[in-house]
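Read-outs: derived from the displayed coordinates by stated rules, not from any lab. Model, not experiment: these values are computed from the prediction. Neighbour counts run over all protein chains shown; Cβ positions are idealised from the backbone, glycine included.
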Amino acid sequence: MTSSLYIHIPFCSAKCSYCSFNSYAGLEGLQSRYVECLCAEMENVASSGGVESLKTVFLGGGTPSVLPGDLSGKIITTYRNCFSAMQDVEISMEINPGTVDMAKLDFLHVAGVNRISFGVQSFIDKELRSIGRIHTAEEAVVAVSMAGNAGYENVSLDLMYGLPGQTTASWHQSLETAISLGVKHLSLYQLTVEEGTPLQQMMYGGTIQLPGEDELAAMDNITRKLTDSAGLRQYEISNYAKTGYQCRHNITYWENNEYLGVGAGAVSCVRRSRKRNIADPVEYCDRIEAGKSVVIEEENLDIEASFRETVIMALRLNSGFSLPGLTERYGINALDYYGATLENLIRDGFVEQHAGMIALTDRGRGFANLVMSELV
Ligand code: SF4
């Protein structure tokens, strides 16, 4: 049964130069129509049943916090009317500094949002400008402090390393600043240069330079050192949390459990059927208003494909996957299924088997893509 709901808000104040997400700047005029359609989709999905009490709800984007309070409120009220939720439901919202003030944070908190994920990316203004972020480092510090004053206890920051012009010293400074703000969770991503983005053009044009392999390795060491001493334990390749503050919504994905996604471009995976909604927000609204389906892609995974996906996703988690748990879920024993491939990964120290769990080692995490390509 499904117990996680993702709600996609595709609007942003400006498009960051590295962004390949389904997000759009300059569509403010569509916001209210989009929210009407989003709520209609939630009602449709709820009426078809199959959703148990929600454990997690995630408003992501895009930048959900660009919506005015009344529209965010409408989304939250609709989800509440459509679905039941557990008492301790985690309701996360992605927020960009520069798009919230105290009144909006208060409003969202009262409406039920209990986890904030701030897209900070860096505490160095020059680096923020280099990737087209709309906010300054100071605005990020103020936003995190306002969130504390508004009563949010569960706050996460996203930071990026490998940014244009970033040095080991500036990464140290960004990470140290994030930790000094006392947040409970950090998502630390290496910048990837996506096809067709302005960042890629800048890189090809030679107008920006990215840190090299040695610098990236040194940044990884800084990350390990600072997060360890702050008690922020790595629980996934890019995610660190104080005990009890892991993102429950994202764990749904990493454990390859069922989830529903609503909104433009959102993906749902229920009973091994993966469906993707149309990405364009205007076409999404047109379809909803015309009473047509917004699903444009559907893939039905067989047991074996789903099993392999579960293995790959779970290896992102430091805890890995449970051998007996996987056998019970799929009727497939991972040791038998992968045979020599998995044995070799264990022998070479990329993967370890301990107390019925299979997980990447520290060494394996450094070569995660390679290891996963062996098992996919
Ligand atoms: S704020 Fe996030 S979603 Fe919006 S353009 Fe920047 S990276 Fe993309």
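Values computed for the structure shown
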quantity: Relative contact order (percent, whole number), the chain, Cα cutoff 8 Å, 6+ residue spacing; calculated: 15
quantity: Vicinal HN-Hα couplings computed from phi for region 223-231 (Karplus, 6.51 cos²θ - 1.76 cosθ + 1.60; Hz; Gly/Pro x); calculated: 4, 4, 5, 6, 5, 4, 6, 8, x
quantity: Estimated inter-spin distance, Glu374 and Leu335, nm [label 7 Å along Cα→Cβ]; calculated: 1.7
quantity: DSSP-defined antiparallel bridges as percent of all bridges, region 2-254, nearest 5; calculated: 15
quantity: Distance (nanometres) between label positions extended 7 Å along Cα→Cβ at Asn257 and Ser32; calculated: 3.8
quantity: Theoretical ellipticity at 222 nm over the chain - DSSP helices of four or more residues, -39500 (n - 2.57) apiece, nearest 500; calculated: -12500 deg cm²/dmol
quantity: Calculated on alpha-carbon atoms, Rg and Dmax of region 303-375 in Å; calculated: 11.0, 31
quantity: FRET efficiency estimate (nearest 0.05) - Cβ-Cβ, Ile296 to His109, R0 56 angstrom; calculated: 0.95
quantity: Space enclosed by the convex hull of the alpha-carbon atoms of region 2-254, per residue, Å³; calculated: 125
